[in-house]
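Following: one structure in structure tokens, then a few remarks.
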Amino acid sequence: MNNITLPSPYKILQILHETNAEYTFRVACDDQVEHGQFYVLSIPKIGEAPISVSAQGPGYVEFTIRKVGRLTDGIFGMEQGDTLFMRGPYGNAFPVESFKGKDLVVFAGGTGLAPVRSMLQYFSSHPEEVSSVHVVAGFKDRDCVLFEEDLEKFKSVFHTIYTLDNTQAPGFETGFVPSFAKEIPFDSFSDYNVVIVGPPVMMNLTARECVKLGVPEEKIWVSFERKMSCSVGKCGHCKINETYVCLEGPVFNYVKAKELLD
Amino acid sequence: MGYCITSGRMDEIFHGLREKYRIFAPKQGKQYIRYGEVASVSEIVHREKSHFSPKEVFYPIVQTLLYFTDTECRESTLLDEREILLFVRPCDINGIRRLDQMFLENGGRGDNFYQRMREKVKFFLMECEKSFETCFCVSMGSNIAKDYSVAFRFPKEEGGEFLVQVKDEAFLDVFGKEKEWAFEPEFIMENEKKVQVPDIPSRSMVKEIHALPFWKQFDDNCIGCGGCNTVCITCSCFDTTDITYREGSRDGERRRIWSSCMLTEFTTMAGGHSVRQNAGDKMRFKTMHKIYDYKRRFGGENMCVGCGRCDMRCPKDIHFSETIQGLSEEVERLKEGGHQDE
Ligand SMILES: Cc1cc2nc3c(=O)[nH]c(=O)nc-3n(C[C@H](O)[C@H](O)[C@H](O)COP(=O)(O)OP(=O)(O)OC[C@H]3O[C@@H](n4cnc5c(N)ncnc54)[C@H](O)[C@@H]3O)c2cc1C
Ligand code: SF4
Ligand code: SF4
Ligand code: FES
């Protein structure tokens with residue numbers, strides 16, 4: 001019997017320092033991963049943690065990791081060529097096929113950019129597959145900005161608003177992500193989808209702001225973060241009502257997300 | 001087939017069985033009646049309900065999943081390959097079906113570490129001679145179980161005769177030569193404690209249940225010790241932790257340890273963000289899982305089997321049966337107050 005929680009070894013190909021506390025790890029891996037899915041990364045004797053795939057390419061996947069505790073500290077101590085253990089991919093994905101041919105709006109806060117980055121990279125290389133893409137990305141301050149290269153590229157093909165919470169810097173607005181929802185020309189779209197990913201408060205406020213602006217709830221998609229131990233529907237940590245975030249999520253339509261009460 | 005067997009003869013049978021099987025049953029410990037391996041029928045406590053559930057026999061409190069060395073990650077193996085004979089009550093058999101649902105079915109793929117132990121277990125049913133103080137199995141519809149290998153009626157007096165029913169042909173070899181005696185176990189058809197399971201008419205009422213002031217009483221009462229989860233036959237949640245044997249050691253292991261939704265750490269994520277901060281919120285989560293969420297997800301039956309062990313265990317005298325009953329009354333009030341189905 002195939003053991004569903006047994007991790008396998010993978011090589012770290014490259015490490016990119018995004019900020020002081022966030023590094024991107026490129027790992028040798030041939031899996032077909034859908035946009036929005038995650039893996040459980042582990043270092044034997046230290047622990048495990050679920051991490052979203054932030055990019056993928058021929059023979060590799062990338063993870064953008066924030067250093068916050070036991071496992072993530074351990075990963076930050078690793079070097080190119082070291083071995084990381086992983087199991088996955090897990091979870092559902094953004095319904096990217098149904099986004100094609102329509103307008104797409106993405107609101108992302110901080111590390112929330114990680115799970116949507118691969119989808120944005122895809123559309124920035126295939127702009128003909130969508131009517132338009134609007135990106136609102138917010139960061140705490142200039143030092144917290146992630147994916148600088150991607151942001152430049154997105155700026156040239158998408159409509160972008162980049163913002164810092166309280167401070168000013170060239171190329172950035174000042175203010176919180178939800179307050180920019182009114183800048184999106186929803187009225188000019190014929191059919192569209194809205195993706196919101198970030199800290200819980202930011203997701204809530206942005207979704208409510210969009211609904212206030214007339215966006216139908218069923219056009220909004222969010223990605224949840226919950227404590228997870230197994231990621232295969234056994235440990236119970238991620239359960240909300242009758243839903244297991246690791247199985248039916250992390251991506252939810254807002255109609256369903258709104259009904260999930262912790 | 002039914003048989004009548006003396007206590008002395010039963011011990012001989014046990015002796016023979018132990019060559020092929022390990023036999024687990026409730027035993028008297030220092031403080032609690034708890035499951036352990038038995039060699040003789042006289043060790044089995046049957047006149048009282050066990051404080052702990054039988055789940056720890058095949059789903060241990062702590063178990064090693066993986067062993068790590070410098071270069072290797074290896075799945076743990078079982079130390080004892082013998083099959084397990086487990087003395088259980090009808091509610092336990094029904095409860096273990098709920099555990100099976102979580103570990104073997106949820107998510108579409110089975111958990112190996114659970115399955116490898118679980119498939120060794122055969123049920124020896126202990127007939128309940130009476131309904132015990134905190135039992136409410138009849139209200140939960142789990143007083144009757146048919147899925148067992150052998151059923152036992154224990155002697156009225158120590159040293160008396162057992163009545164035995166063999167359902168699983170594999171055990172005809174063992175009991176087949178004993179004195180034949182028509183016997184079928186009887187089940188408890190009424191408990192002193194009765195609860196009304198809340199009749200929640202639609203999913204849209206969950207929001208109103210969430211907001212009930214009813215839950216606030218637990219903010220002060222419940223100390224969030226998780227004892228209720230520990231003794232529950234249907235609680236399945238666990239944590240995973242890695243350890244090294246000594247500081248700086250190269251070898252270590254990954255372990256699975258029982259967890260509890262009544263503990264704050266259950267949902268704490270990096271950065272300290274956790275949901276359900278208050279004891280009342282946690283009690284709501286546990287209660288809804290036991291009497292609504294599980295059934296809504298899997299259909300058929302509620303998770304709680306009314307074994308009443310949590311009621312015996314709680315240091316603050318919180319009775320789950322009363323929580324269920326109280327919620328029922330709240331739900332009826334919501335209905336009268338004009339809850340609108342969406
Ligand atoms: C589906 C999913 C996708 C994710 N994707 C990403 C991603 O792409 N990138 C990313 O960086 N993260 C992501 N995360 C979050 C990531 O899983 C956690 O940050 C990670 O589990 C932390 O593990 P750790 O072992 O480093 O931390 P731990 O050692 O587990 O530290 C966190 C724990 O320590 C305690 N703790 C830590 N800080 C505090 C505090 N300030 N106050 C109180 N207690 C505290 C808490 O008990 C907490 O559980 C994702 C999570 C999910 C569920
Ligand atoms: S919740 Fe209480 S009564 Fe119900 S199965 Fe668990 S321990 Fe038994
Ligand atoms: S209900 Fe009782 S046993 Fe359960 S966590 Fe609260 S105090 Fe502990
Ligand atoms: S993470 Fe274990 S059940 Fe979802």
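Here is how the numbers come out for the structure above:
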{"item": "Footprinting exposure proxy for B:L263, B:L85 (fewest neighbouring C-beta atoms within 10 Å first)", "result": "B:L263, B:L85"}
{"item": "D_trans [Stokes-Einstein, Kirkwood Rh over alpha-carbon pairs] for the range B:143-248, 10 °C, 1.306 mPa s, µm² s⁻¹", "result": "77 µm²/s"}
{"item": "Convex hull of Cα atoms in chain B, direction-averaged projection (nm²)", "result": "21.1 nm²"}
{"item": "Helical contribution to [θ] at 222 nm, DSSP H n ≥ 4, -39,500 (n - 2.57), averaged over chain A, rounded to 500", "result": "-5500 deg cm²/dmol"}
{"item": "Cα→Cβ-extended label distance, 7 Å offset, between B:R250 and B:E105, nm", "result": "4.7 nm"}
{"item": "For the protein assembly as shown, the Rg and Dmax computed from alpha carbons only, in angstrom", "result": "27.9, 93"}
{"item": "Near-label residues of the range A:85-123 by backbone N, under 15 Å of a point 7 Å along Cα→Cβ of A:F76", "result": "A:111"}
{"item": "Inter-part distance where the range A:74-125 and the range B:288-342 are each reduced to a Cα centre, Å", "result": "40 Å"}
{"item": "Chain A: most fluctuating residue of A:K234, A:K45, A:K11 per GNM, C-alpha cutoff 10 Å", "result": "A:K45"}
{"item": "Listed residues B:R313, B:R246, B:R98, most fluctuating in chain B (Gaussian network, C-alpha, under 10 Å)", "result": "B:R246"}
{"item": "Compactness relative to 2.2 N^0.38 Å, alpha carbon Rg of the range B:188-316", "result": "1.27"}
{"item": "For the range A:203-258 and the range B:26-80, distance of Cα centres in Å", "result": "38 Å"}
{"item": "Convex hull volume of the range A:96-257 per residue (C-alpha atoms, cubic angstrom)", "result": "121 Å³"}
{"item": "Under 14 Å from B:K55, Cα to Cα: aspartates and glutamates that are on another chain or at least 8 residues apart", "result": "B:E37, B:D92, B:D100, B:E119"}
{"item": "GNM flexibility winner over chain B from B:R153, B:R255, B:R309 (Cα, springs under 10 Å)", "result": "B:R255"}
{"item": "Overall dimensions of the range A:25-164 by Cα: Rg and Dmax, Å", "result": "15.6, 48"}
{"item": "Amide hydrogen neighbours beyond the local backbone of A:S54, cut-off 5 Å, H modeled", "result": "A:E62, A:F63, A:T64"}
{"item": "Cα gyration tensor shape of the range B:83-189, rounded if a/c is under 1.5, else prolate or oblate by comparing a/b with b/c", "result": "oblate"}
{"item": "Dimensionless Rg ratio for the range B:276-325, taking C-alpha atoms and the 2.2 N^0.38 Å reference", "result": "1.19"}
{"item": "Per-residue average of Cβ from other chains inside 10 Å of A:2-12", "result": "4"}
{"item": "Nearby lysines by direct alpha-carbon distance to A:K256 (threshold 16 angstrom, same-chain neighbours under 8 apart not counted)", "result": "A:K219, A:K239, B:K207"}
{"item": "For the range A:8-90, Kirkwood radius (reciprocal of mean inverse C-alpha pair distance, Å)", "result": "12.5 Å"}
{"item": "Residues with amide H under 5 Å from that of A:I161, placed H, sequence gap 5 or more", "result": "A:V135, A:V136, A:A137"}
{"item": "Amide H partners (placed H, <5 Å) of A:I4, local residues excluded", "result": "B:N112"}
{"item": "Helix-only CD estimate at 222 nm, as mean residue ellipticity for chain B, using -39500 (n - 2.57) per DSSP H run (n ≥ 4)", "result": "-6500 deg cm²/dmol"}
{"item": "Zero-based 10 Å bins, Cα pair distances in the range B:32-130, whole percents", "result": "13, 41, 31, 12, 3, 0"}
{"item": "Full-stretch length increase - B:E72, B:M189 - with 0.36 nm per residue and alpha-carbon distance subtracted", "result": "36.6 nm"}
{"item": "Contact order normalised by residue count of chain A, Cα under 8 Å, 6+ apart, percent", "result": "18 percent"}
{"item": "Test item: Cα-centred dipole of the protein assembly as shown, Lys/Arg +1 and Asp/Glu -1 on Cβ, debye", "result": "840 debye"}
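None of the figures in this text is laboratory data; all of them are computed from the coordinates on show. None of these values were measured; they are calculated from a predicted model. Positions of Cβ are backbone-derived with ideal geometry, glycine not excepted, and every protein chain shown enters the neighbour counts.
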